[in-house]
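Asks: Before I ask anything, here is the structure I am working with.
The values are calculated or read from the model by the stated rules, or taken from the named source; none is laboratory data. This is a predicted model, so every value here is computed, not measured. Cβ: placed from backbone, ideal geometry, glycine included. Neighbour counts: every protein chain shown.
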Amino acid sequence: MMNGDANYPLRDPLSQDDPEVYAIIRREKDRQFRGLEMIASENYTSRAVNDCLSSCLTNKYSEGMVGQRYYGGNEHIDEIETLCKERCLKAFGLDPEKWGVNVQPYSGSPANFAVYTALVEPHGRIMGLDLPDGGHLTHGFYTATKKVSATSIFFESMPYKINLSTELIDYDQLQDNARLFKPRMIIAGVSCYPRHLDYARFRQICDENGSLLMADMSHVSGLVATGLTSNPFEHCDVVTTTTHKTLRGPRSGVIFYRRGQKGVDKTGQPIMYDYEDKINQAVFPGLQGGPHNHQIAGVAVAMRQAADPTFKEYQQQVIKNAQALASGLKEAGYRIVTGGTDNHLVWVNMKSVGLSGGKAEKILEDVSIACNKNTVPGDKSALNPSGIRLGTPALTTRNMKENDIATVVKFIDEAFKIAIDVQTKSGPKLVDFKKVLKEEEFETRVVSLRNQVEAFARKFPIPGLDEL
Ligand SMILES: *Cc1c(COP(=O)(O)O)cnc(C)c1O
C-alpha cells in the first residue's frame, strides 16, 4: 500500500490497511447476523453509537473533570462529557440538585470497584448476592479455596442467598446476617435473576445497620429508564450500571451518586452527602487514567435514545418476549426458576430433563443459538452448573415478536431433544457426549437444525449490517 507518501497507509480503510483483521470482523458480523443471540447481557447497539466508537474522540487525552483537565484542547471533549452527564440524569428522571453522575468508568466492573474504593475503606465489609445465586463477581465473590474477585481480596465480603423453596432473594436471612456482619455497604444487583428487586426492603435492612445501599442495575437499566421494573433511585445512595446490556449503548460504565442535603442533625444543622468528590477521585486519579471519550459520546447517544418513547416500546417488547419464552419452554416441559420472569431474562433449570447446563449450552451453540450455562439455586458446584440463562434484548432489537419467540422455543426444544438422545448413547461425561455428538446420525440432525435456525435468523436484520 505504501506509495511513497508516509501518511498514505493511515488514510486507508481497514479493509485495505489490514485485510486480516477486517476479515475477522466481517466473520464476527456474519456470526452475529446468522445466529440467535440469547445471552441476556448482550445486545446490538445502534449504528449511531458505533459511529461514536470509531470516531476521532479516541485520540484525545482528558484526565480530570469537565473544566479541570490535565491536558489542553478539551473544549469539545468537555461539551461531550457535559452533554452525556445531562442526558444520563434525564434518562433516569433525576434532579441534578439531588443526583450527580460520573460517566468515565471504562465498564461495569471498574465502576463498581471505584465505588467501593470511594466509600468502603480497605477491608471494609460488603454484602452482595452470591454469584451462584445470580449475583455478579464484583459483588465480592469468593469460594472456600479462592478469593476469586478482587472485591473479596481488598474488601471483606459476605454473600446473601436465594431461598431454595421460593427461589427468590432471601431478604429475611439477609436481614439476620446483616445484623451480625454490620456491612458498610449492601449491594442490590443481579446478573441472573428474573424478578423485580425490593429496594425498600434493602433500604430498611441498611438503615438498621448504618449501611450504605448501592444498586448495580447493569442488567436492567433499560427497564429502569422506562419504568418497567422497580426503581433503585428511590432508595439507594449510589447506583451503578453498564451501558451495553438492556440499555443498548456502547460497552461502558456509569456511577450515579446522591448529592446535596441528606437531612438535619440533632441541632438542626444540615447534613450533606459527601459521595461526589470521593467517587470522582476514586475513578480518577484513584483507578483510571484518561477517559475513553469515544465511549462517553456513545453513552450520550444511547441515553438520548433511552429517553425516546420508542425505547419504552422496545423494552415492553423485551419483557413480552421473555415471558413468551418462559411460558413456551414451560409448556415444552422445562422448569423455569421462579416459575417465570418479570424482566428480560429466563433462568432454566435443566435438571428435570437430565441435561447439565454445559451440555445445554453446547448443543445450542452447535445450532447457532448463543446462551450461558448458569448455576441454579441449590447447585453444589459452580463448575458443573445445572441450568442456563437466556435473554431477549438482542432478539427484540432485531424486531422479533412473541410469535417469532414461539419459533425460537421450537428450535431450542428440538436441540435439547437431540442432546438427550446423544446422552442416552454417550452417558453423562461431557467428553463422551461431544464424541457421540459428532456421529453421523446426530451430526445430520444438528446440521439440519442449524440450517433452519440460520435461515430464520437471517430474516431479521441487525443494526449496521452493511457497515463495517
Ligand atoms: C455485567 C455486569 C457487571 C460488569 O460489567 P462489565 O462491563 O462486564 O465489567 C457488573 N455488575 C452486574 C450486575 C453485571 O451484570
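Asks: Can you tell me which residue is farthest from Gln305 (Cα to Cα) among those in region 72-100 that are loosely packed, with under 15 Cβ neighbours inside 10 Å and in contact with a Lys or Arg (Cβ under 8 Å, 6 or more places away or on another chain)?
Replies: Looking at the filtered set, the residue picked out is Gly73.
Asks: Also: Filter region 180-214 down to residues that are of a type outside the set (A, V, I, L, M) and part of a helix (DSSP H, G or I), then give me how many there are. Even if it seems obvious, please write down each step before you answer.
Replies: Let us first name the residues in region 180-214 that are of a type outside the set (A, V, I, L, M), namely 181-184, 189, 191-196, 198-199, 201-204, 206-211.
Those still in the list that are part of a helix (DSSP H, G or I) too: 181, 199, 201-204, 206-209.
Final tally of qualifying residues: 10.
Asks: Looking at region 416-436, is at least one residue within 27 Å of Leu223 (Cβ to Cβ) and either surrounded by fewer than 16 Cβ atoms within 10 Å (Cβ to Cβ) or small (Gly, Ala, Ser) (or both)?
Replies: No: region 416-436 contains no residue that is within 27 Å of Leu223 (Cβ to Cβ) and either surrounded by fewer than 16 Cβ atoms within 10 Å (Cβ to Cβ) or small (Gly, Ala, Ser) (or both).
Asks: Would you tally the residues in region 137-176 being in contact with a helix residue (DSSP H, G or I) (Cβ under 6 Å, 6 or more places away or on another chain) and among the β-branched types (Val, Ile, Thr)?
Replies: 3
Asks: Across region 79-97, which residue is nearest to the chain's Cα centre (by Cα) among those that are farther than 22 Å from Lys262 by Cβ and in contact (Cβ under 8 Å) with a residue 24 or more places away in the chain?
Replies: Only one residue fits best here, namely Ala91.
Asks: Of the conditions (1) part of a helix (DSSP H, G or I); (2) surrounded by fewer than 18 Cβ atoms within 10 Å (Cβ to Cβ); (3) in contact with a Leu (Cβ under 7 Å, 6 or more places away or on another chain), Leu468 satisfies every one except a single condition; which number is it?
Replies: (1)
Asks: Also: Please find, within region 118-136, the residue that is nearest to the chain's Cα centre (by Cα) out of those that are within 15 Å of the ligand (Cβ to nearest atom) and part of a helix (DSSP H, G or I). Write out each step before concluding.
Replies: Residues of region 118-136 that are within 15 Å of the ligand (Cβ to nearest atom), as a first pass: 126-136.
Restricting the remaining residues to those that are part of a helix (DSSP H, G or I) gives 131-133.
Values: Leu131: 14, Pro132: 16, Asp133: 16 Å.
Residue satisfying both the conditions and the ranking: Leu131.
Asks: Surrounded by 16 or more Cβ atoms within 10 Å (Cβ to Cβ), assigned to a helix (DSSP H, G or I) and at pLDDT 95 or above: is that true of Thr229 in this structure?
Replies: Considered against the rule, which asks whether it is surrounded by 16 or more Cβ atoms within 10 Å (Cβ to Cβ), assigned to a helix (DSSP H, G or I) and at pLDDT 95 or above, Thr229 comes out as no.
Asks: Thr117 - would you say it is under 24 Å from Val224 (Cβ atoms) and modelled with pLDDT of 95 or more?
Replies: No; evaluated as a whole, the condition is false for this residue.
Asks: Out of region 251-282, which residues are closer than 25 Å to Cys84 by Cα and of a type in the set (Ser, Thr, Tyr)?
Replies: Answer for region 251-282, where residues must be closer than 25 Å to Cys84 by Cα and of a type in the set (Ser, Thr, Tyr): Ser252, Tyr257, Tyr273, Tyr275.
Asks: Among (1) in contact with a His (Cβ under 8 Å, 6 or more places away or on another chain); (2) polar (S, T, N, Q); (3) under 27 Å from Asp342 (Cα atoms), which single condition is Thr151 missing?
Replies: (3)
Asks: Right, something else. Working only within region 352-385, note down all residues that are free of Cβ contacts under 8 Å to residues at least 12 places away in the same chain and in a loop (DSSP other than H, G, I, E, B). Don't jump to the end; show me each part of the working.
Replies: Going through region 352-385, the residues free of Cβ contacts under 8 Å to residues at least 12 places away in the same chain turn out to be 365, 380-381, 383.
Residues satisfying the conditions are Lys380, Ser381, Leu383.
Asks: Could you tell me which of the residues Val239, Val224 is of a type in the set (A, V, I, L, M), under 22 Å from the mean Cα position of the chain (by Cα), assigned to a strand (DSSP E or B) and within 16 Å of the ligand (Cβ to nearest atom)?
Replies: Step by step, each of Val239, Val224 is checked, and only Val239 is of a type in the set (A, V, I, L, M), under 22 Å from the mean Cα position of the chain (by Cα), assigned to a strand (DSSP E or B) and within 16 Å of the ligand (Cβ to nearest atom).
Asks: Right, Glu439: among the acidic types (Asp, Glu), touching a residue at least 40 places away in the same chain (Cβ under 8 Å) and out of contact with any His (no Cβ under 7 Å at 6 or more places or on another chain) or not?
Replies: The answer is no for Glu439.
Asks: Tell me, yes or no, whether region 175-184 has at least one residue that is surrounded by 24 or more Cβ atoms within 10 Å (Cβ to Cβ) and within 18 Å of Thr338 (Cβ to Cβ).
Replies: Checked against the condition, which is being surrounded by 24 or more Cβ atoms within 10 Å (Cβ to Cβ) and within 18 Å of Thr338 (Cβ to Cβ), region 175-184 yields no hits at all.
Let's see how each residue does on (1) surrounded by 24 or more Cβ atoms within 10 Å (Cβ to Cβ); (2) over 27 Å from Leu228 (Cα atoms); (3) within 14 Å of the ligand (Cβ to nearest atom):
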residue	(1), (2), (3)
Thr138	yes, no, yes
Lys146	no, yes, no
Ala150	no, yes, yes
Phe154	no, yes, no
Met158	no, yes, no
Asn163	no, no, no
Gln173	no, yes, no
Ser191	no, no, yes
Pro194	yes, no, yes
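Asks: Moving to a separate point now. What are the pairs, 6+ residues apart or on separate chains, where a residue within region 39-55 that is more than 15 Å from Ser252 (Cα to Cα) and among the aliphatic types (A, V, I, L, M) has its Cβ under 7 Å from a residue that is more than 13 Å from the ligand (Cβ to nearest atom) and part of a loop (DSSP other than H, G, I, E, B)?
Replies: Short answer, once both residue conditions are applied: Ile39/Cys371.
Asks: For residues that are more than 23 Å from Asn43 (Cα to Cα) and touching a strand residue (DSSP E or B) at 6+ places or on another chain (Cβ under 6 Å), scanning just region 338-350, find the one that is surrounded by the fewest Cβ atoms within 10 Å (Cβ to Cβ).
Replies: So in region 338-350, the residues more than 23 Å from Asn43 (Cα to Cα) come out as 338-339, 349-350.
After this cut, where a residue has to be touching a strand residue (DSSP E or B) at 6+ places or on another chain (Cβ under 6 Å) as well, the list is 349-350.
Details: Asn349: 22, Met350: 24.
Step by step, filter region 338-350, then rank; the result is Asn349.
Asks: Now for a different question. I'd like the residue in region 242-296 that is more than 24 Å from Ser221 (Cβ to Cβ) and in a strand (DSSP E or B) and, out of all such residues, is nearest to the ligand (Cβ to nearest atom).
Replies: Among residues in region 242-296 that are more than 24 Å from Ser221 (Cβ to Cβ) and in a strand (DSSP E or B), the one nearest to the ligand (Cβ to nearest atom) is Lys262.
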